[in-house]
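> Below are the C-alpha cells for one structure; questions will follow.
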Amino acid sequence: MQSVPETLASLVQPARVHRRLYSDPAIFEFELERIFGAAWIYIGHESQVKNRGDYFRTFIGRKPVVLVRDAEGEVRVIHNQCAHRGSLVVKIRASGAKRCRYSSAYRIALMRPRASASCASMYQL
C-alpha cells in the first residue's frame with residue numbers, strides 16, 4: 001500500500017486533480033496533522049466582525065473557533081467550547097452577544113481572556 005505522500009503525488013496531475021483528494025479519510029487525517037496542526041491558518045477577515053461584539057463561527061480542522069471583535073475593538077480568535085462543561089458557546093454562525101447555556105456570565109461580545117478555568121470567569125466582563 002502506498003504512503004499518503006505517494007498517494008497525493010499520484011492524484012495530482014498538471015491539468016487535473018483527482019476527486020479522491022477531497023473525500024479520502026486518510027488524506028484528510030494527513031492534512032489535519034501536517035497543515036492544521038502545524039501552520040498558520042486563515043480564519044477570516046476583520047471585515048467579517050465590523051462592530052464590537054460581532055463574531056463569526058468557523059473551524060480549524062475539527063476544532064470549533066470563534067472570530068470575535070472584543071469590547072476594545074480588537075479582533076480575537078477563541079476556542080468555541082465552554083471550559084466548564086465542554087458545550088459549544090456559539091451555536092449560530094454569526095451575530096452579536098451570546099452566552100454559554102451553563103453560565104450567564106460567558107458573553108462573547110466582551111471577551112477578554114483571563115486565567116480562570118470555569119466558563120463563568122474565563123472571560124472578564
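We did not get these values from a lab; they are worked out from the coordinates using the rules stated. All values derive from a computational prediction rather than experimental measurement. So basically every Cβ, Gly included, is an ideal-geometry build from the backbone, and we count neighbours across all protein chains shown.
> If you stretched the chain out fully between residue 88 and residue 33, how much longer would it get, using 0.36 nm times the residue separation minus the C-alpha to C-alpha distance?
Working it through step by step, the gained length comes to 17.5 nm.
> Please rank 22, 42, 55, fewest neighbouring Cβ atoms within 10 Å first, as an exposure proxy.
Placing the least packed residue first, the sequence is 42, 22, 55.
> Ok, one more. Label points 7 Å out from Cα along the Cβ direction at residue 21 and residue 71: separation in nm?
4.7
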